[in-house]
1. GNM, the chain, Cα, under 10 Å: largest mean-square fluctuation among 22, 54, 71?
2. Pick from 279, 205, 219: which is most flexible by mean-square fluctuation in a GNM of the chain where alpha carbon atoms under 10 Å apart are linked?
3. Nearest 10 degrees, 0 to 90: what angle lies between the long axis of helix 187-196 and the longest principal axis of the chain (Cα atoms)?
4. Any idea what angle helix 202-215 forms with the longest principal axis of the chain, computed on alpha-carbon atoms, 0 to 90 degrees, nearest 10?
5. Could you work out the helix-only [θ] at 222 nm for the chain, with each DSSP H run of four or more residues adding -39,500 (n - 2.57) and the total divided by the number of residues, to the nearest 500 deg cm²/dmol?
6. Please identify, among 253, 189, 156, the residue showing maximal mean-square fluctuation in a Gaussian network model of the chain using a 10 angstrom Cα cutoff.
7. So what's the angle, to the nearest 10 degrees on a 0 to 90 scale, between helix 235-246 and the longest Cα principal axis of the chain?
8. With Rg and Dmax of the Cα atoms in Å defined as stated, name the option among [x] 19.2, 58; [y] 23.8, 86; [z] 22.6, 73 computed from the structure displayed.
Amino acid sequence: MSSTMWYIMQSIQSKYSLSERLIRTIAAIRSFPHDNVEDLIRKGADVNRMHGTLKPLHCACMVADADCVELLLEKGAEVNALDGYNRTALHYAAEKDENCVELLLEYGAQPNALDGNKDTPLHWAAFKDNPECVRALLESGACPNARDYNSDTPLSWAAMKGNLESVKVLLDYGAQIHVTNLKGQTPISRLVALLARGLGTEQEEECLELLCRAAGRFEIRRADGTLPRELSKDPQLLARLTNMVAQVPTLRSLARCAVRQSLGAQFLPTAVKELPLPETIKDYLLLRD
């Protein structure tokens, strides 16, 4: 290497501290082509130093690099540290990757941690439709009925996107269906708003059917009796839903809803299995009809 090139490389190296180079390497914004996480940590890079709004562990979860997450945790990264948005690494992992979620939980991550908007990791896993992350969080004690700043639950977050698989997992763990946020919206009305915008597909229709089975009755009006504004844009959908509302729910469907609510927030397939009921009734309770 020429003396000029050596000088340039040394100048670039001095521009960034080891800790800065660490987070740039994790994010694939490399200061040096041969930098790697383990070497930088061995040389003294601080695994808990904040850079901008992020810490290295948060960054590794953002890029869903499970190997890097594990290495950072082994080297002393604080698993429940907050970033500039008051989010933990688990908030980012829940959006992206089940392996990262399980690693963080193994190292003591708090499944019900709140960020600056009172969102839990489960909210984000449901919103991004990562059912395996949803399941891993619930199995580790995440509350299926946690409320954010608008009193929306993870089920509402999943419903507003028509995320069928995440809705299924949440309902299996006892997520409440008859909940309203501060604007009077329920999970069903959140999904209806999506359909009214013309964004519905076969998956969203199936999601609506599942939510209606879990609810026992179909209701789209708010507490004050008004209909979602979005329905005014789709008269055909409004007519269909109005007809659904007019149908009297059966005693059987209301009983199913009542039994599910009485079982509370737990893994319902296990709880229902222990009930002294015929298998056909158990399947009905588990929305498998």
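No value in this document is a laboratory result; all are computed from the given coordinates. Given the structure is predicted, the values throughout are model-derived calculations rather than measurements. Using ideal geometry, Cβ is built from the backbone for each residue, glycine included, and neighbour counts are taken over all protein chains shown.
1. Most flexible of the set in this elastic network: 71.
2. 279
3. Approximately 90 degrees, to the nearest 10.
4. Computed tilt is about 60 degrees.
5. -15000 deg cm²/dmol
6. Among 253, 189, 156, the largest GNM mean-square fluctuation belongs to 253.
7. 60 degrees
8. Recomputing Rg and Dmax of the Cα atoms in Å here picks out [y].
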